[in-house]
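J.: Provided herewith is a single structure, encoded as C-alpha cells, for subsequent inquiry.
The values are calculated or read from the model by the stated rules, or taken from the named source; none is laboratory data. Since the model is a prediction, treat every value here as computed from it, not as a measurement. Don't worry about glycine lacking a Cβ; one is built from the backbone with ideal geometry, like all the others, and counts go over all protein chains shown. We work out accessible area using only protein heavy atoms, side chains counted, and drop any ligands, DNA or RNA first. Shrake-Rupley method; radii C 1.70, N 1.55, O 1.52, S 1.80 Å.
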Amino acid sequence: MSMSLLKERAEAIRERIAQAAERVGRSPQNVRLVGVSKTRTVEEMREAAPFLDALGENKVQEAQKKKSLWGEVSTPPWRLIGHLQSNKARKAVELFDTVDSLDSLSLALRLDRIAGELGRHLPVLIEVNTSEEDSKTGCLIKDFPELLDKTASLPNLILEGLMTIGPLTDDEKKVRGAFETLRGLSEKARELVGLPLKELSMGMSHDFEWAVLEGSTMVRIGTALFGPRSYDDKS
Ligand SMILES: *Cc1c(COP(=O)(O)O)cnc(C)c1O
C-alpha cells in the first residue's frame, strides 16, 4: 500500500475524530489513534507508524515475529489488545509497552510478578465485557470491582484505565450504551481506588465516532486505516 494512501486514511480518521469531539466540546488531542495491525505486514505497519499514536496487536506470537523484523525505523508504542493466555504472559511483558486486555485476577497477579522480575512497571487497562455477550472478551461487570481493587494494589502494574469492545450491531443506542457503561464504571472506579484512570480505550472502525462522543481517549482502528483484512480474525 502506498504511503500517501495510509497517510490520507489516517488524516481522514483524525478529521472524523475531531468532528465527533467537537460535538461534545472535547479536544481532539485527547483522543489517540491506535492502528490495529493484526494480519498486516511489517512493511504496511512501518508505513503507517508515523501517523499513529500506537500500534495495537492481538497476538503475542504475531507481535514477536513482527518486532524481530522491524529494524531500525522508530516505532510508536505497542499495545496488546487481544486476550492474553497466561502461558504467554512473560513474552507479552517483554514485547509490549502496555497490556490493554487485562481480564482476570490470575492474569493480573502473573503480570505483576513477571513485571517485577523484569524490573519494570507495566501500564495496563482492564478490559470489561460491557455488552455481556458470550463471544466477547473482557471481565464481566460483576467481577470488575474485585479485579479493579486487586489490580490497583499491585506494585508493578500501573492501572491507567479501561477498555471495551462495543456490541457488534449498528444500533447506535446499544453501542453507545455499552460505551457509556464503561465510562460510568471508570468514574466509579476512580473514586473507589483514588487513581486518575484517564484512559478509555473504546471505538473501532465502525463505531469510533460514537465512542468519542461517549468519552473515548483511544480508538483502535484496523480496517478503516489498512483496508479490509484478508481473513476475519476475531481474536
Ligand atoms: C481487530 C480489533 C480492532 C480493530 O477492528 P477494525 O474493525 O478493523 O477497526 C479493535 N480492537 C480489537 C480488540 C480488535 O481485535
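J.: State the extension gain, in nm to one decimal, for the chain segment bounded by His83 and Asp53, taking 0.36 nm per residue of separation less the distance between their alpha-carbons. List each step's numbers first, then the result.
T.: Values: separation 30, 0.36 × 30 = 10.80 nm, distance 2.13 nm.
Gain on extension, His83 to Asp53, equals 8.7 nm.
J.: Which residues in region 48-67 have a backbone N closer than 15 Å to a point placed 7 Å from the Cα of Thr39 along the Cα-to-Cβ line?
T.: Answer for region 48-67: 57-59.
J.: When all protein chains stay in place, what accessible area (Å², nearest 10, 1.4 Å probe) is found for His206?
T.: 100
J.: Taking R0 as 30 Å, what's the FRET efficiency between Lys65 and Lys7 from their Cβ-Cβ distance, rounded to 0.05? Spell out each step's value before the answer.
T.: Numbers: r = 26 Å, r/R0 = 0.85.
Taking R0 as 30 Å, the efficiency between Lys65 and Lys7 is 0.70.
J.: Okay, moving on. Explain nothing, just the number: dipole magnitude of the chain about its Cα centre with +1 on each Lys and Arg Cβ and -1 on each Asp and Glu Cβ, in debye rounded to the nearest 20.
T.: Numbers: 34 positive and 37 negative charges, 93 e Å.
Result for the chain is approximately 440 debye, rounded to the nearest 20.
J.: Just to verify a number: what accessible area does Glu146 come out at with the full protein assembly present, 1.4 Å probe, Å² rounded to tens?
T.: So the heavy atoms of Glu146 present about 110 Å² to solvent.
J.: Cross-link candidates for Lys38: which aspartates and glutamates have Cα within less than 14 Å, leaving aside residues fewer than 8 places away along the same chain?
T.: Glu57, Glu62, Asp232, Asp233
J.: Further question on the same structure: Please go through the residue pairs Lys150/Lys174; Lys142/Lys188; Lys66/Lys198; Lys88/Lys198; Lys66/Lys88 and name each one whose alpha carbons sit more than 18 Å apart in this structure. It would help to have the intermediate numbers written out before the result.
T.: Details: Lys150/Lys174 30 Å; Lys142/Lys188 14 Å; Lys66/Lys198 30 Å; Lys88/Lys198 27 Å; Lys66/Lys88 16 Å.
Flagged as over cut-off: Lys150/Lys174; Lys66/Lys198; Lys88/Lys198.
J.: Now for a different question. Over region 14-142, what is the relative contact order in percent, taking alpha-carbon pairs closer than 8 angstrom and at least six residues apart?
T.: Numbers: 182 pairs, mean separation 20.5, N = 129.
Taking the mean separation of contacting Cα pairs over the length of region 14-142, I get 16 percent.
J.: Turning to a different aspect of this structure: Would you list Asp207, Asp170, Asp149 from the most to the least accessible area, probe 1.4 Å? Could the numbers behind the result be given before it?
T.: Working: Asp207 5, Asp170 135, Asp149 95 Å².
The ordering from most to least exposed comes out as Asp170, Asp149, Asp207.
J.: Ok, one more. Normalise the Debye intensity by I(0) for the chain, one equal point scatterer per Cα, no solvent, then take log10 at q = 0.08, 0.17, 0.18 Å⁻¹ and round to two decimals.
T.: Results for the chain at q = 0.08, 0.17, 0.18 Å⁻¹ read -0.27, -1.31, -1.45.
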